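Structure, as structure tokens:
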Amino acid sequence: MTSQRLSALDASFLAVETPTAHMHVGWVAVFAAPPDGCVPGFSELRAHIARRLAYAPRYRQKLASVPLGLHTPEWTDDQAFSVDRHVYRAPGPLSDLVDEVMSIPLRRDRPLWEMWICENRHERQFAIVGKSHHCMVDGLAAVELASLLLDPTPEPVAHEPEAWCAAPEPGGKRLLARGLRDLLAQQLGMVHLPLRVASAPFAAARQSAAGALRVTRALGHLLPAAPASVLNGQLSPLRRVAWTQRPLADLRLVKGAYGTTINDVVLAAVAGGMRAYLIRRGEEPPALKVMVPVSVRSADDVFGNHISFVFAQLPCDQPDPVDRLYHVHVGMSRRKRDGEPEGADLVLKAAALTPVAVQQTVSRLIASPRAFNLVVSNIPGPNVPMYMLGCPLEATYPTVPLADNHAVSVGMTTIHDQACFGVYVDRQAMPDADMLARDIDQEISELLACARARGLVGASV
């Protein structure tokens, strides 16, 4: 596979990684036994993973840094690649395994992913705990790549990948030369910009004016400081993952009853859950500032990050659950209408044209607790039943990376007819993560109860 360079956004996730802020995207996938009760063994599962991931060559590549830090790193084939160095067998209990796996950063001297298989033959199920570095995939790409392992029918689809031979690893001189070449090409692109503008001045003017307005609006929500919060203190390297699951139909009923979106319901549920959690800790809940990733991925994009961001208010200070939902809905609708995701994308693209040192500084500023208090991410998954070697997928709980001084993030993935929430926390800062997961689940129940009381949904729900 031809070597490719990290984009500025991809490289930003390397820049903000620290010993206490691990920038891996993770997931916990739980599978039930097939009808015959025969759960596949570790060797069979590992061989299946090896066959399927052969169709995602990035999983056989590692990073090669450009000398002097002149440009972002390249992806190069790993000469020593072996699936045995990435897929491991581990005993349960599952929750302890997940906490341990997510507390350890990925090694940068090999392809940036791992999977751990946790067998539980007594309960006729198994789980796969996976993680990939955020410089390699965003949340949606992680779901799409993980779906390579799955089939829409219990009968696995036959895959016969071609034989693979690693390309020679480039030396320092070649990496430096390619870095200089790409840097020069980037600068020449900027030089040619005025010529493109001159050839179509009116169209360029309209695009520039619209883009400038979107950038202004995006910066207008990025730059104001997030409120001080107990969620934003010094972190340990230890992580904990709590999860909760409920029928996707519940979220759809709330969405339909109040004329909002699924994403609005998720944000409102987190707002209510955080409010209950903070009150229980004796804190006065403020209106928190949330970062919401928004996909700008095209159908042809598979690897890397193709996301923008929206910064919005999470109304934890409001006591009424329906008021919280409407507050979220109005704020998010306005941001979408004003093109703020596109404006933030333009900001990120503009930053990519600056020197690497400037890009890293901007990345750290955007990832600071001054910019936001927590991340909430809604990651759509497959909308049909999926199987691995005949075993039905029951749930997938996501983990959204924690930037330094951010103690909690919340992800939600939809799997067929289920909404799966993953609450990812610093274990020392928030040892009671399970209670926050229950609070989020309870908030959805509260919104449903309010809708029933107002006659907006049937009483039998």
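The values are calculated or read from the model by the stated rules, or taken from the named source; none is laboratory data. Bear in mind that the values here come from a model prediction, so they are computed numbers and not experimental data. Positions of Cβ are generated from backbone atoms using ideal geometry, with glycine treated the same way; all protein chains shown enter the neighbour counts. We work out accessible area using only protein heavy atoms, side chains counted, and drop any ligands, DNA or RNA first. Shrake-Rupley method; radii C 1.70, N 1.55, O 1.52, S 1.80 Å.
Ranking ILE444, ILE366, VAL400 by Cα position along the charge dipole of the range 345-450, where only Lys, Arg, Asp and Glu carry charges on their C-beta atoms, puts ILE366 farthest toward the positive end. Ordered from largest to smallest accessible area (heavy atoms of protein chains, 1.4 Å probe), the residues TRP75, TRP116 come out as TRP116, TRP75.
Distance between the modelled labels on ASP323 and ALA449, one decimal in nanometres: 1.8 nm (7 Å Cα→Cβ projection).
What fraction, in whole percent, of alpha-carbon pairs in the range 29-83 exceed 19 Å separation?
Tail of P(r) above 19 Å: 52 percent of Cα pairs.
The range 148-173 and the range 1-58 have their alpha-carbon centroids 13 Å apart. Evaluated at q = 0.11, 0.14, 0.16 Å⁻¹, a Debye calculation over the C-alpha positions of the range 361-449 (equal weights, vacuum) places log10 I(q)/I(0) at -0.41, -0.63, -0.77. In a reduced charge model with +1 at each Lys and Arg Cβ and -1 at each Asp and Glu Cβ, the range 21-87 shows a dipole moment near 60 debye about its Cα centre. Sparse packing (at most 11 other Cβ atoms within 10 Å of the Cβ) combined with a DSSP loop state is found for none of the GluC sites (Glu not before Pro) in the range 375-461.
By a 1.4 Å probe calculation restricted to protein chains, ILE366 has an accessible surface near 40 Å², given to the nearest 10. Dividing the radius of gyration of the alpha carbons in the range 310-461 by their Kirkwood radius gives 1.02 for Rg/Rh. Neighbours of ALA371, meaning other residues whose beta-carbon lies under 13 angstrom from its beta-carbon, give a summed charge of +2 when Lys and Arg score +1 and Asp and Glu score -1.
When only DSSP loop residues count, what GluC sites (Glu not before Pro) in the range 69-140 have their Cβ near at most 15 other Cβ atoms within 10 Å? Numbers along the way, then the final one.
On the way: sites: GLU74, GLU100, GLU114, GLU119, GLU123; in loops: none.
Those that pass, being in a loop and sparsely packed, number zero.
Rounded to whole Å and sorted largest first, what semi-axes of the equivalent ellipsoid does the C-alpha gyration tensor of the range 71-122 yield via the square root of 5 times each eigenvalue? Could you put the intermediate results ahead of the total?
Numbers: eigenvalues 152, 38, 8 Å².
Over the Cα atoms of the range 71-122, the semi-axes work out to 28, 14, 6 Å.
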